[in-house]
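Just below is one structure, and these are the notes that go with it.
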Amino acid sequence: MYILISLSLTFCRKRRVVSFFTSEGERVASYKTLLRNTRSILRSDPAMIISDGSRALRKATDAIYPGIPFQYCLNHKLNLVRKHIKPELKPYFLSMYRMFSNSPTIMTSLCYFNNLRSFLIHHAPEAYPHLISNSDYLFTYHTQPSILHKQLKTNNLIESVNSQIRFSLNHAIYLQKSSSLKRGIFCLIKKINYSLQA
């Protein structure tokens, strides 16, 4: 069973879990339901959406929030590309990737990204396609205020919330029925939201 969650980050840097949906898999229909629930709760469209690159979420986003900018998590991209790099080249690659991902402006980001592309073309051509796939979605966070860049370029926060929920559910054997499970998740999310506001 999958627990899909949506989390919001406001311009004032306030964070909260907005909605969740339990599903048998990461399906387009499941993400559409999650996004519809999110839209009805927020009553406004987000400035952008961040994801680990899930195709199902991308399709659901295009259907529910057409035209909303999309950001591919830079950490997921890093892990995807790093798998295809020889161990002796990883320190150089990681150093270059950090310069790219920590760039304060879109111009410097693009420069460092082009350096990364050149490095991979010459030293790790098998990793190159993994870097450039969905590369249009690596720079979206630069369209938002710089104070939010750290939170917007990755989906670390949502991964953290997911792991808290999974950990709690793995240790809660009494949640056997679907209704008990949903109540349990709801209570966990209330607790997580309280800690996010602290």
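Any residue at all in segment 96-107 that is within 25 Å of residue 148 (Cβ to Cβ) and aromatic (Phe, Trp, Tyr)? Yes: one or more hits. Just one of (1) crowded, with 17+ Cβ neighbours inside 10 Å; (2) outside any helix (DSSP H, G or I) fails for residue 60. It is (2). When residue 53 is tested against (1) within 21 Å of residue 102 (Cβ to Cβ); (2) in contact (Cβ under 8 Å) with a residue 24 or more places away in the chain; (3) part of a helix (DSSP H, G or I), just one condition goes unmet, and that condition is (3).
Check segment 41-57 and report whether any residue there is among the polar types (S, T, N, Q) and at pLDDT 90 or above. Looking through segment 41-57, none of the residues is among the polar types (S, T, N, Q) and at pLDDT 90 or above.
When 94, 131, 116 are screened for being touching a helix residue (DSSP H, G or I) at 6+ places or on another chain (Cβ under 6 Å) and over 21 Å from residue 69 (Cβ atoms), only 116 passes.
Quick one: in segment 84-108, which of the residues that are farther than 29 Å from residue 143 by Cβ and in a loop (DSSP other than H, G, I, E, B) is nearest to the chain's Cα centre (by Cα)? Please lay out each step first, then the result.
Applying the first criterion (farther than 29 Å from residue 143 by Cβ) to segment 84-108 yields 84-92.
Those left that are additionally in a loop (DSSP other than H, G, I, E, B): 84-86.
Numbers: 84: 22, 85: 23, 86: 26 Å.
Applying the filter and picking the extreme gives 84.
For segment 13-31, what are the residues that are not in a strand (DSSP E or B) and not small (Gly, Ala, Ser)?
Residues of segment 13-31 not in a strand (DSSP E or B): 13-14, 24-31.
Hits for segment 13-31 are 13, 14, 24, 26, 27, 28, 31.
Checked against the criterion of being of a type outside the set (D, E, K, R) and buried (at least 19 other Cβ atoms within 10 Å of the Cβ), the candidates 31, 2, 65 yield just one match: 31. Take the residues in segment 166-178 that are of a type outside the set (Phe, Trp, Tyr), in contact with a helix residue (DSSP H, G or I) (Cβ under 8 Å, 6 or more places away or on another chain) and in a loop (DSSP other than H, G, I, E, B), then tell me which one is modelled with the lowest pLDDT. Top of the filtered list is 175.
Of the residues 181, 131, 148, 80, which is modelled with pLDDT under 90, surrounded by 13 or more Cβ atoms within 10 Å (Cβ to Cβ), assigned to a helix (DSSP H, G or I) and under 18 Å from the mean Cα position of the chain (by Cα)? Outline the logic, then answer.
On the way: 181 fails: under 18 Å from the mean Cα position of the chain (by Cα); 131 fails: modelled with pLDDT under 90; 80 fails: modelled with pLDDT under 90.
Just a single option satisfies the conditions, and that option is 148.
The single condition from (1) surrounded by 14 or more Cβ atoms within 10 Å (Cβ to Cβ); (2) over 14 Å from residue 3 (Cβ atoms); (3) at pLDDT 80 or above that residue 192 fails is (2). Candidates in segment 119-128 are the residues that are in contact with a helix residue (DSSP H, G or I) (Cβ under 9 Å, 6 or more places away or on another chain) and assigned to a helix (DSSP H, G or I); of these, the one that is surrounded by the most Cβ atoms within 10 Å (Cβ to Cβ) is 120.
The values are calculated or read from the model by the stated rules, or taken from the named source; none is laboratory data. This is a predicted model, so every value here is computed, not measured. Counting neighbours? That spans all protein chains shown, and the Cβs are built from the backbone with ideal geometry, glycine included.
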